[in-house]
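Asker: Right, I'll just put the structure down here and ask away after.
Every number in this text was worked out from the coordinates using simple rules, so none of it is lab data. Bear in mind that the values here come from a model prediction, so they are computed numbers and not experimental data.
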Amino acid sequence: MSKQNCRIAAIQMVSGPRVGDNLATAGRLIEDAVAQGAQLVVLPEYFPIIGAVDADRVRACEPHGNGPIQAWLAETAQRHNVWLFAGSLPLVASVPDKMRNSSLVYNPAGECVARYDKIHLFGFRKGAEAYDEAAFIEAGEQVVAVDTPYGRVALSICYDLRFPELYRSLAPVDLILVPAAFTETTGRAHWEILLRARAIENQCYLLAVGQGGKHESGRLTHGNSMIVDPWGEILDRKLKGPGVVIADLDHQRIAEIRESLPALAHRKL
């Protein structure tokens with residue numbers, strides 16, 4: 001089956017502690033993206049909730065296949081007739097007091113057709129700023145790519161971006177997704193250069209969608225959501241605040257780059 005070109009959209013948010021408010025904001029932004037022609041829409045990491053403490057997300061966990069957040073995702077994908085990628089939401093883990101940080105994929109019929117659980121858990125300490133995701137997240141085990149009419153899509157979440165072997169193990173793909181809640185500290189230093197490198201080395205489109213701004217808890221996320229083409233060119237971006245980043249995925253562009261510089265074909269390892 002031939003792959004179709006499409007419009008892809010990233011929904012940047014600044015999520016807070018109330019799930020209902022976050023879903024309402026996401027819904028308005030998805031409507032905006034669809035009005036601009038988006039056929040594949042991606043939400044950021046933790047789009048339904050970013051509370052004051054990590055335990056807020058654990059308390060918001062849903063079992064896979066059941067819960068108001070997942071019902072909203074299914075209904076939204078079906079109503080807008082889009083492929084909807086839920087950047088991440090908290091799902092029930094196999095151990096108490098932890099969660100799975102999970103990305104779910106919904107087709108235009110509202111069916112959940114894929115799930116990816118974040119493999120690499122973020123740890124960072126610099127002065128008073130510290131993060132330890134392993135304290136409240138149960139890591140995933142499997143890399144995941146999903147086939148759509150618009151091509152093969154590699155799933156990842158945030159800190160996964162620093163591990164190029166994840167994406168290379170799935171290559172070749174047509175699109176890499178990186179939903180994130182990157183910190184302002186690490187994002188300012190490394191976000192853009194890593195995103196562009198992942199697109200260039202895998203010769204595919206990359207859509208990175210972040211939380212972007214100051215949250216009610218005081219946390220500051222980097223944002224800078226962007227869509228990058230297979231040559232590393234940034235097609236659209238938004239630095240801070242809620243909004244839509246949108247661009248066209250062109251399979252002829254992928255083919256031309258891979259033909260002129262056949263790096264994927266030259267792989268030795």
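Asker: Quick check: Cα centre of the range 10-37 to Cα centre of the range 195-250, how many Å?
Answerer: When both Cα centres are located, 16 Å separates them.
Asker: Still on this structure, please answer the following. To the nearest 500 deg cm²/dmol, what mean residue ellipticity at 222 nm is calculated for the chain from DSSP H runs of n ≥ 4 alone, each contributing -39,500 (n - 2.57), summed and divided by the residues?
Answerer: -7000 deg cm²/dmol
Asker: Can you run phi through the Karplus equation (6.51, -1.76, 1.60; θ = phi - 60°) for the range 140-156 and list ³J(HN,Hα) in whole Hz, with x for Gly and Pro?
Answerer: Each residue of the range 140-156 in turn: x, 10, 10, 6, 9, 10, 10, 8, 10, x, 9, x, 8, 10, 8, 9, 7 Hz.
Asker: What does DSSP give for the range 116-269 in terms of the percent of beta bridges that are antiparallel, rounded to the nearest 5?
Answerer: Given both bridge residues lie in the range 116-269, the antiparallel proportion sits at roughly 70 percent.
Asker: Please state the shape class of the range 138-228: rounded when a/c is under 1.5, otherwise prolate if a/b exceeds b/c and oblate if not, all from the C-alpha gyration tensor.
Answerer: Here the range 138-228 falls in the prolate category.
Asker: I need to check one value: relative contact order of the chain, counting alpha carbon pairs closer than 8 Å and at least 6 residues apart, in percent.
Answerer: 20 percent
Asker: Please compute P(r) over all alpha-carbon pairs of the chain, binned at 5 Å starting from zero, and give each bin as a whole-number percent.
Answerer: Binned Cα distances yield the sequence 1, 6, 14, 19, 21, 17, 12, 6, 3, 1, 0.
Asker: Hey, another quick one. Among the lysines, which fall within straight-line cross-link reach of K98, defined as a Cα-Cα distance under 21 Å, with same-chain neighbours fewer than 8 residues apart omitted?
Answerer: Cross-link targets: K118.
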